[in-house]
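Below is one structure, written out as structure tokens; the observations come after it.
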Amino acid sequence: MIPCLPCFRSKRNPGAGLSGAFITTLLVSALLLCSCTRKLGYGILLWAAEDPPVPSGTVLPVYIRSNIDQVWVAGIPEEYRQQGSKIDKFEIPLAKLELAGSKSKALQMAEAFAPYALTYAETLQDGLPIRESPDNSARRVYRLKQGEIIKILAPAEGIVAVGTTGDPLPGEWFQVLTEDGSTGYCFSYRLKLFEHTGGVLVSAPREQQAAEDPDLELLLSRTWSAESYRTMVNSRRINLEELLEHWGFDPGQDTGIARIRIKDLDRTFSYTAIRSTGTRSWRFEGSVLQMDLRSDTTLAVQFTENGGVLRTIFFVALPTDVDDLIVQETARREELFAAIYAQGPAYTSHNYGTISFTEDGHFSWTGYDLLVPQVIPASALGTGTVSMRLFLSNTLADRYTGALTLNFSGVNGPAASVNFMYSPDNQGFRLEYVPDTSMDGIVVNRRASSPLVLYLFKAEPLLNLTPDFFGPPEVQDSAPEEAPPYQGEAEYGDPGIVDEDPELPLWEEAF
């Protein structure tokens, strides 16, 4: 019989002619037969042992921790020992037992662990992720294979998992343990929970499954947005309303449901696994969906529509997170409006009334009757909100500061959205009406064939006007140097619609 550890150490020098690994193995082997070894403490078995068949949740005495062999040596409870065997200890992988310390602490831990002590789960989807925290956006620490068994350790409070339709998924987050010792959090939507009391667990052997696919790992780690988003970023013309939709492609590794969501399509595909079909190509088993990684930042997704027509849609991985782009574009719009508000916030014209802006992005406009109904519909109430959503073409950017949209309220809801290019100066505010024919999306690309230009003075300086206002020519000349032609014949004395005739005094607009 092999002597106990203290006797073994006293009889020979453990370092003489022996490697550290051999010594550790020999010591562990001795401990398995030794009956007088001191305990390290007590621990909780997290993963059921096969031989002897000790169920998870059992409190065990722990004698040694081997960092070289990555095992604990723990005592076998009498009820699980083989009859007639003198072996009363066994090895447990480090990750499958948690050392508590004293026996009382171990019993307390066992009591807390009891509701899930025998609970395991089978993975129903290939590629299901285990994440660093209970959140679908958290870093993935492990990728499960279909049929793989994991241990449920405890429920966890986390961010509600949302499906491709935007609705909460049934299930909950769990802290889990894999057979090879990885830990993290997994949502239960694609897990099949069951109880196991000990012995052999039948799990899909990882060595029989496909090797890790670094290209697929790259693909699944990225957010895939609609191709139109890259065009926005490259042109620096962000359509915030479209960006807020978060159009894109979700492979659905957490749910087993892939989703394509773009401007003209919202479709989901249920699948059981993602399988490679070639270099950087995969199919979604159980569906008509497949995908090809054309580059590290470009993904082609293909599916068969009704009638057998193959449709291909491209998605992109943006260098900046979509939410960050939303913040940046929102800040840009707020800055532009703040400049208009600071310049005024009220502007007035004798012919076209007074428009006033509020700091929170609203406006009110009175006295604009001459613009009804050609520019402003009769149903408009004269109040509404301001949007700085438009952009100017490079040519128009030399003439105007920017473009804005006045969203007029109506009796039964929104009445109309009217677009203007604008340019402030020291005296006031020049507006040029932008018809729909001048727009390409959110970009003003051209002026109207006969532009309609309005000039409004700052309201405050006009409150106490006197004849002296007409005085020095240099004051008059400080009005806009150039104004585009008006559709039709402009009458002298109605200079709110400005003509290019240099004899027409722009400052007369205020009267």
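The values are calculated or read from the model by the stated rules, or taken from the named source; none is laboratory data. None of the values given here were measured: they were computed from a predicted structure. Glycine gets a Cβ as well: all are built from the backbone with ideal geometry, and neighbour counts include every protein chain shown.
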Problem set entry | Total residues in segment 35-64, condition modelled with pLDDT of 55 or more, out of contact with any helix residue (DSSP H, G or I) (no Cβ under 6 Å at 6 or more places or on another chain) and not in a strand (DSSP E or B) | 11
Problem set entry | Test: residue in segment 347-354 that is assigned by TED's automatic domain parsing to the domain that holds SER423, surrounded by 14 or more Cβ atoms within 10 Å (Cβ to Cβ) and part of a helix (DSSP H, G or I) | no
For this session: Confirm whether LYS86 is assigned to a loop (DSSP other than H, G, I, E, B) and among the charged types (D, E, K, R).
Result: yes
Exercise. Within segment 70-81, can you find the residues that are surrounded by fewer than 16 Cβ atoms within 10 Å (Cβ to Cβ) and closer than 16 Å to ALA95 by Cα?
Worked result: GLN70
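With the condition kept exactly as written, say whether any residue in segment 422-431 is over 20 Å from LYS458 (Cβ atoms), among the aromatic types (Phe, Trp, Tyr) and in contact (Cβ under 8 Å) with a residue 40 or more places away in the chain. Lay out the reasoning, then the answer.
Taking segment 422-431 first, the residues over 20 Å from LYS458 (Cβ atoms) are none.
Looking through segment 422-431, none of the residues is over 20 Å from LYS458 (Cβ atoms), among the aromatic types (Phe, Trp, Tyr) and in contact (Cβ under 8 Å) with a residue 40 or more places away in the chain.
For a quick check of your reading: which strands (runs of 3 or more DSSP E) sit entirely within segment 106-185 and have at least 3 residues that are surrounded by 19 or more Cβ atoms within 10 Å (Cβ to Cβ)? It would help to see each step written out before you state the result.
Values: elements: 119-123, 129-131, 140-143, 149-156, 173-178.
Once the strands (runs of 3 or more DSSP E) in segment 106-185 are filtered for at least 3 residues that are surrounded by 19 or more Cβ atoms within 10 Å (Cβ to Cβ), what remains is 119-123, 129-131, 149-156, 173-178.
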Seminar exercise, completed: Of (1) within 20 Å of PHE337 (Cα to Cα); (2) at pLDDT below 95; (3) among the aliphatic types (A, V, I, L, M), LEU381 fails just (1)
